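For reference, the structure discussed in these notes is given below.
The values are calculated or read from the model by the stated rules, or taken from the named source; none is laboratory data. Just so you know, these numbers come straight off a predicted model, no measurement behind them. Cβ placement follows ideal geometry from the backbone for every residue including glycine, while neighbour counts extend to all protein chains displayed.
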2 protein chains.
Amino acid sequence: MLKINQNYQKLPGSYLFSTIGKKVAAYTQANPMKSIIRLGIGDVTQPLAPAILQAMHQAVDEMGRAETFHGYAPDLGYEFLRNAIVENDYAARGCPIAADEIFVSDGAKSDSANIQELFDQNSKIAVCDPVYPVYVDSNVMAGRTGTYDGESGMWSDVIYMPCVMENSFVPEFPRQTPDVIYLCLPNNPTGTTITKAQLQGWVDYANQNGALIIYDGAYEAYISQDTVAHSIYECEGARTCAIELKSFSKNAGFTGVRLGYTVVPKDLQFDGVRLHSMWARRHGTKYNGAPYIVQRAGAAVYSSEGKAQLKEQVAYYMKNAGVIYDGLKEAGYRVFGGVDAPYIWLKTPEGMSSWEFFDLLLTEANVVGTPGSGFGPSGEGYFRLTAFGSYENTVEALQRIRKM
Amino acid sequence: MLKINQNYQKLPGSYLFSTIGKKVAAYTQANPMKSIIRLGIGDVTQPLAPAILQAMHQAVDEMGRAETFHGYAPDLGYEFLRNAIVENDYAARGCPIAADEIFVSDGAKSDSANIQELFDQNSKIAVCDPVYPVYVDSNVMAGRTGTYDGESGMWSDVIYMPCVMENSFVPEFPRQTPDVIYLCLPNNPTGTTITKAQLQGWVDYANQNGALIIYDGAYEAYISQDTVAHSIYECEGARTCAIELKSFSKNAGFTGVRLGYTVVPKDLQFDGVRLHSMWARRHGTKYNGAPYIVQRAGAAVYSSEGKAQLKEQVAYYMKNAGVIYDGLKEAGYRVFGGVDAPYIWLKTPEGMSSWEFFDLLLTEANVVGTPGSGFGPSGEGYFRLTAFGSYENTVEALQRIRKM
């Protein structure tokens, strides 16, 4: 008789965005005349850039002729894309990464969930709190997180690194030494980040302690300050302690196109084994490559037209971020993020929980955001708004919030 | 200090297709004037059908306008695709499957590798021998297969069901009761299949023993005989014991487009838990949906134009299968498969191993096939040729083989 993987049963049923959806649906049904503005979910709204569309049309045409048809892609991705990635994202920044250290995938969500398969069952993970839920949940499913305490919202075998106002949202080295450290910088959900010097401190810490850093750089395109690193490989020694995950979702609007990549340097060894060989084996065994058409779209991101068009797209969203940041400031809120990231993180008014503020915003301003507590216990008392809406809606939302 | 998942180290380094690649490269280098015909790998060669190209171009255009742009897809796939699947692949065949039991994915390889995450660590799997390597390897990586015996080519904790000439390639109920049974029908690599009545026997066996069947129907489009089931859900009781995996790779040429789906009926319960809820949670946590453009391409497979064009495409490959089957017969080989599948499985000449025959075919006929032993110990003494080449090459290859 088959028995199931009981670790799945441990997952608390906290479907953050489904709860939000239900609350919004209920409010809309009761108030059909109200116009709701959604600044909750981190999904983009701008259409794909013309250079990308052109590349995709061309690739579709190629798939229609026997001479240019493409079947199974190379396991790790097409050379044309891996070379463009290395040239633009690494060589141009002085990072010593080779094309065969790039693994093209269908997105950073899959990669960030799958990467834990390379770790021993008893590995101890450390995460920032609040955090993107996939890092923890994928380890829960693998039975690596111990037991869940519903009251504290914490797992017994996970090391939490609170990122709150009091420490300027900069994680501190944990008391207990972790085997794996997940860092998402610039950060989802807080929209804050750390300096290159601070990141160098984490690289040194990981090398000294034999820990692996999983560095999620999904929001890298939004970095505006010179003191912030665009890749962890800008730091000395990162090749021996860090895997970097990158996404095309936020810099190029690929949330519905699906493309990402993972960098696994060949210098990265644990137990005398290269993680590069392990990840290559995983890719070869459990994955069959990103679609040719999508990889061509990815290459267009690095064309000169693509770069110019996407610079504008990012600027569009960052203008929204400015509108939200300034508007909330003027309305008297304590506001964070929004400078190197498309997320704005605000402190809820004294004595008001994240969900109470959600309800207030929904009913008073008809604006949907995301309660900070949905991202972890230290997110309680905070709230996230995203810059991914249209400019007009964003301006309107902030006018409503200021009138609240 | 991070420790790695040692199960990866257990995987024998038998990169079947990479070994083939090296042998072919060496031969080509030594004999640059010879023209090699590749009937080895199961990759398609015909371009995408016009109806599919049209749907993709249209979807690309939609992605270029804000009003029709698509960001994150629904977790389980777009309704338009799930409804088309249910209507054409299930309702039309009298199979009681609902749209919300369909999980759209990036392909059957990922699904067949990931599905084992739902099983308890100690579950015992049974596989046909020879077999598509992903079923076993994904369980090896999860530490579920015991130790590998290099001599026999077998894992201590895997139940092997030999499929050989002597039993007409029909797997027999194993002596030891498995928790999970992997069945790929029509079969890769043997190209053979079983009747609906025989499949009903497996469904009954699974229900009686509390086992789960993972039914890989990737080659369903090639079925030509009326006695063969197109879905396991044509069998009575399959909703309580079977998950079905389907691919768009071979019926629509999507090896480089990437689309598949998995059916998890809500009646499927083990330990009192619905596998449907578990798979939904996995999809939601570790995957972000197939690209909108690709799902539109998938829907075009079910349009009336798409169906007509793909019927021709399948017929094209099956004509090749006939050429190979008949040609080998005439040349005196014992030949199997090729009637309900695009693979032809032949017995190597007396006293000749799979790899010896590979070398013979390469050097004497300049034709590349796949040694049966690469798919498992019971594949020794057999050899696979695929019908996915061009008609002209296939005819030429068989002329050369007949002259050998």
*Restricting attention to segment B:8-41, report how many residues are in contact (Cβ under 8 Å) with a residue 24 or more places away in the chain, within 9 Å of chain A (Cβ to nearest Cβ) and of a type outside the set (Ser, Thr, Tyr).*
2
_Residue selected from segment B:257-275 under the condition more than 14 Å from every other protein chain (Cβ to nearest Cβ) and more than 22 Å from the chain's Cα centre (by Cα), by the criterion nearest to A:Arg296 (Cα to Cα)_ = B:Lys266
*Given the conditions (1) part of a loop (DSSP other than H, G, I, E, B); (2) of a type in the set (Val, Ile, Thr); (3) more than 23 Å from A:Ala221 (Cβ to Cβ), which single one is not true for A:Val339?*
(3)
*Select from segment A:42-53 the residues that are at the interface with another protein chain (Cβ under 9 Å from one of its Cβ atoms) and assigned to a helix (DSSP H, G or I) and write down the one among them that is surrounded by the most Cβ atoms within 10 Å (Cβ to Cβ).*
A:Ile52
*Residue check: is A:Gly217 within 14 Å of chain B (Cβ to nearest Cβ), of a type in the set (Gly, Ala, Ser) and within 16 Å of the chain's Cα centre (by Cα)?*
no
_Selection within segment A:220-256 - of a type in the set (A, V, I, L, M, F, W, C), within 14 Å of another protein chain (Cβ to nearest Cβ) and within 15 Å of the chain's Cα centre (by Cα)_ = A:Ile243, A:Leu245, A:Phe248, A:Ala252, A:Phe254
_Filter result for the condition that a residue is at pLDDT 95 or above and part of a loop (DSSP other than H, G, I, E, B), over B:Tyr317, B:Tyr325, B:Tyr333_ = B:Tyr333
*If you take the residues in segment A:38-74 that are under 24 Å from the mean Cα position of the chain (by Cα) and over 18 Å from A:Val314 (Cβ atoms), which one is modelled with the lowest pLDDT?*
A:Ile41
*Count of residues meeting criterion [more than 10 Å from chain A (Cβ to nearest Cβ), within 30 Å of B:Ala51 (Cα to Cα) and of a type in the set (A, V, I, L, M, F, W, C)] in segment B:276-310*: 5
*Quickly run through segment B:228-247 and pick out the residues that are without any contact (Cβ under 8 Å) to a residue 60 or more places away in the chain, touching a strand residue (DSSP E or B) at 6+ places or on another chain (Cβ under 9 Å) and part of a loop (DSSP other than H, G, I, E, B).*
B:Cys235, B:Cys241
*Pull up segment B:60-117, narrow it to residues that are within 14 Å of another protein chain (Cβ to nearest Cβ) and of a type in the set (Lys, Arg), then point me to the one that is surrounded by the fewest Cβ atoms within 10 Å (Cβ to Cβ).*
B:Arg65
*asked:* Which pairs turn up if I take residues in segment A:91-111 that are over 21 Å from A:Ser249 (Cβ atoms) and look for partners that are among the β-branched types (Val, Ile, Thr) and assigned to a loop (DSSP other than H, G, I, E, B) with beta carbon separation below 9 Å, at least 6 apart in sequence or on another chain?
replied: A:Ala91/A:Ile97; A:Glu101/A:Val264
*May I ask you to say which residue of B:Arg334, B:Arg384, B:Arg296 is in the same structural domain as B:Thr193 (by TED's automatic domain parsing) and either within 19 Å of B:Gly40 (Cβ to Cβ) or charged (D, E, K, R) (or both)?*
B:Arg296
